[in-house]
Amino acid sequence: MVLAGLTPPEWEITIVDENLGVPDYQAMPRPDLVGITAFTSQANRAYELAAHFRNLGVPVVIGGIHATMCLDEVKERADSVVTGEADSIWPQVLQDARHHSLKSRYDGGLADINDIPLARHDLLATGYAFGAIQTTRGCPLNCSFCSVTSFNGAKYRQRRIVDVVREFKLIREKLVLVVDDNLIGTRPEHIARAKDMFRALAKAKLRKEWIAQATINFADDEELLALAAKAGCRGVFIGFESPSPEGLMEVGKKFNLLKGRDFRASVQRIRRHNIPVMGSFIIGLDIDEPGIGKRIAEVASQYGVDNLNVLFLTPLPGTRLWDQMKSQGRIALDTFPEDWKYYTLTFPVARYKHLSLDGIIQEMISCNRGFYFMPHILRRVWSNLWQRRRPLVSLVSNLSYRSNIRLDCQAYANFKRYWGNRHNCVKES
Ligand code: B12
Ligand code: SF4
C-alpha cells in the first residue's frame with residue numbers, strides 16, 4: 001500500500017494479499033511487473049510465486065524484511081531485490097522495469113520520514129477486521145532477538161502529524177492496527193510529538209479505535225495515556241520479554257528496568273485509562289530453566305495484563321541473536337529456505353541452553369494453560385466487569401487464546417514428528 005502510494009498513475013496496480021486466500025492467478029491479466037513482500041516465515045511461498053511469474057516471463061522484484069536480511073538467497077529467486085526501506089528507490093525501480101533494465105539489486109537504506117506517502121488503502125479488498133497505518137519508523141532500543149533496529153534503524157523517525165491524520169481518514173475499517181514498533185518512543189521530544197499526534201487525532205473526530213505496540217514507559221505519563229485514550233487507543237501490546245532482570249539483561253532490554261520499575265503499577269496505570277494491555281514474553285532464554293512457563297504465567301497474572309502472548313526465542317536472520325546462535329552452532333532448523341516456514345516464533349527452532357525440545361514445548365503449554373486456566377479467565381473478566389472495562393471483549397479474547405492451545409498442541413506434534421530428530425539440547429549434545 002505504501003509503495004502503491006509512490007507509484008506513478010500510469011501504472012495500474014492490483015494488490016494481492018494471500019492472507020485473504022489464494023486467488024486464481026491464471027485468471028488474472030498478465031502483469032508487466034510483480035513485486036513480492038514476505039516475512040521470513042513466508043519466504044518459501046514468495047519463491048513459489050516468483051517462480052510462477054518468472055516462468056511466464058514476467059519480471060519479479062522481491063523486497064521487505066526477508067529480502068534485506070537474506071539477500072543472496074533471494075537474489076537467486078528474483079530478477080531484482082530491493083533491500084531496506086524502498087520509499088526513495090521505488091520510482092527508480094519502476095522506471096528501470098519500464099525500460100527493461102532492472103538491476104539485480106537496489107538499496108533504499110533508511111527513508112526520509114517526510115517522503116513516506118499516504119498508503120493506498122483504497123486498493124485493499126474489503127473484509128479486513130483491521131485497517132493498518134504506520135506513524136513512526138525505527139526503534140531506539142536494540143533488543144537482541146528483534147530485526148527492527150537493524151532494518152529500520154535506531155533513529156526514531158516520526159511522520160508529520162498532518163499526514164497521519166490524513167491517512168487515518170483514508171482507512172475504511174473502524175478498527176485500526178498502528179503498525180509502529182514503538183508508538184511513543186523513549187525521549188521527551190518523542191513523547192511530546194506523540195501527545196501532539198493524539199491531540200490531532202482526537203480533534204479530527206475520526207471515530208476510529210486503534211491498538212498499538214509500545215514500550216512500558218507508555219505508563220509513565222498520565223497526560224499521554226489520557227490523550228491516547230481520547231484519540232481512540234483501545235489496547236497496547238507491550239514486550240515484557242522475561243520475568244527476571246537477568247532475562248531482560250540477556251535480551252538487551254534493560255530499558256524495562258530503568259527507574260526501578262514496578263510492572264504491576266505500570267500496567268494498572270495504563271488499564272485505568274481503559275486501555276487493555278497485551279503482555280508479550282519469550283521462552284528459551286539462556287537463563288530459562290524448567291519451570292519458566294509456570295513462572296511467566298504467574299508473573300503475567302501478577303502484573304495484571306489482560307492477555308498473554310508467549311513466543312519461543314527465535315534467531316531471526318539479521319539479528320544479534322542470529323549471529324550469536326549461529327556462531328555457537330545452536331540453530332537447529334537450518335535447512336534453508338525450507339526451514340524458514342517454522343520461523344514464526346511459534347516453534348522452537350534453536351537449541352536452548354537448559355531446555356530440550358520436549359521440555360521447551362511443555363513449558364510453553366504449561367504457561368498458556370496456567371494463564372488461560374478457566375478460573376483465572378473468569379477472575380479477569382469479573383474484574384473488568386466490576387470496573388466497567390469491556391468484560392465481553394476480555395472474555396472473547398481470553399477464550400480465543402485458550403482455544404488456540406489445543407491447535408498449538410497439534411502443531412507441536414507435527415513439528416516434532418518432522419524435525420524432532422534434529423533438535424538436541426546443547427547440554428545433551
Ligand atoms: C504489523 C506487523 C505485523 C502484523 C501484520 C499485519 C499485516 N497484515 O500487515 C501482524 C501482527 C499480523 C504480524 C505478525 C507477525 N509478525 Co510482524 N511485524 C509487523 C511490523 C510491526 C510492521 C510491518 C509493517 O507493516 N511495516 C510497515 C511497512 C511500510 O514496512 P515494510 O513492510 O518493511 O515495507 C517497506 C520495506 O520493507 C520495503 N518493502 C517491503 N516489501 C517490499 C516489496 C517490494 C517488491 C519492494 C520493492 C519493497 C518492499 O518497502 C516498504 C516501504 O519502505 C514489523 C516490524 C517492522 N518494523 O517492519 C513486524 C515484523 C515484520 N514481524 C515479524 C514477525 C516475526 C511476525 C510473526 C512471525 C510473529 C508472530 N508469531 O506473531 C507474525 C507472522 C505472521 C505471518 N502471517 O506469518 C518480524 C519479521 C522478521 C522476519 N525476518 O521475518 C518483524 C520485522 C518484527 C521483528 N520483531 O523482528 N506482524
Ligand atoms: S523495543 Fe520492541 S521494537 Fe524495539 S528493539 Fe526491542 S523488541 Fe524490537
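M249 versus (1) open to solvent by less than 70 Å² (accessible area, probe 1.4 Å); (2) under 23 Å from K294 (Cβ atoms): which is the lone unmet condition? For M249, the failing item is (1). Residues considered: D339, D408. Of these, the only one that is within 14 Å of ligand 1 (Cβ to nearest atom), open to solvent by less than 50 Å² (accessible area, probe 1.4 Å), assigned to a helix (DSSP H, G or I) and at pLDDT 95 or above is D339. Every test in (1) part of a helix (DSSP H, G or I); (2) buried (at least 18 other Cβ atoms within 10 Å of the Cβ) is passed by D358 save one, and that test is (2).
In the condition set (1) near ligand 1 (Cβ under 9 Å from one of its atoms); (2) more than 17 Å from the chain's Cα centre (by Cα); (3) of a type in the set (G, A, S); (4) open to solvent by less than 10 Å² (accessible area, probe 1.4 Å), G138 is compliant with all but (2).
Residues that are within 11 Å of ligand 1 (Cβ to nearest atom) and under 16 Å from D79 (Cβ atoms) within the stretch 1-37 comprise L33, V34, G35, I36, T37, listed in sequence order. Check the stretch 108-116 and report whether any residue there is among the charged types (D, E, K, R), more than 9 Å from ligand 1 (Cβ to nearest atom), outside any loop (DSSP other than H, G, I, E, B) and surrounded by fewer than 21 Cβ atoms within 10 Å (Cβ to Cβ). Yes - at least one qualifying residue is present in the stretch 108-116. Scoring E209 on the criteria (1) within 16 Å of ligand 2 (Cβ to nearest atom); (2) among the charged types (D, E, K, R); (3) within 22 Å of the chain's Cα centre (by Cα) leaves a single failure, condition (1). A300: more than 16 Å from ligand 2 (Cβ to nearest atom) and either in contact with a strand residue (DSSP E or B) (Cβ under 7 Å, 6 or more places away or on another chain) or under 22 Å from K353 (Cβ atoms) (or both), yes or no? Considered against the rule, which asks whether it is more than 16 Å from ligand 2 (Cβ to nearest atom) and either in contact with a strand residue (DSSP E or B) (Cβ under 7 Å, 6 or more places away or on another chain) or under 22 Å from K353 (Cβ atoms) (or both), A300 comes out as yes. Among the residues making up the stretch 136-163, those that are within 15 Å of E189 (Cα to Cα) and either among the hydroxyl-bearing types (S, T, Y) or free of Cβ contacts under 8 Å to residues at least 40 places away in the same chain (or both) are T136, Y156, I161. Each residue in the stretch 166-199 was checked for being touching a residue at least 40 places away in the same chain (Cβ under 8 Å), open to solvent by 20 Å² or more (accessible area, probe 1.4 Å) and away from ligand 2 (no atom under 16 Å from the Cβ), and 5 of them qualify.
Looking at R98, R77, just one residue is open to solvent by 20 Å² or more (accessible area, probe 1.4 Å), in contact with a Lys or Arg (Cβ under 9 Å, 6 or more places away or on another chain) and more than 19 Å from G138 (Cα to Cα), and that residue is R77. Kindly provide the set of residues from the stretch 323-336 that are open to solvent by 50 Å² or more (accessible area, probe 1.4 Å) and either in a loop (DSSP other than H, G, I, E, B) or away from ligand 1 (no atom under 16 Å from the Cβ) (or both), ordered by number. Answer for the stretch 323-336, where residues must be open to solvent by 50 Å² or more (accessible area, probe 1.4 Å) and either in a loop (DSSP other than H, G, I, E, B) or away from ligand 1 (no atom under 16 Å from the Cβ) (or both): S327, Q328, D334, T335, F336.
Limited to the stretch 252-288, what total is found for residues that are charged (D, E, K, R) and crowded, with 21+ Cβ neighbours inside 10 Å? The qualifying residues number 3.
The values are calculated or read from the model by the stated rules, or taken from the named source; none is laboratory data. These numbers were taken from a predicted model, which means no experiment stands behind them. Positions of Cβ are generated from backbone atoms using ideal geometry, with glycine treated the same way; all protein chains shown enter the neighbour counts. For the accessible areas, the whole protein counts, side chains as well, though only heavy atoms, and no ligand, DNA or RNA atoms are used. Shrake-Rupley method; radii C 1.70, N 1.55, O 1.52, S 1.80 Å.
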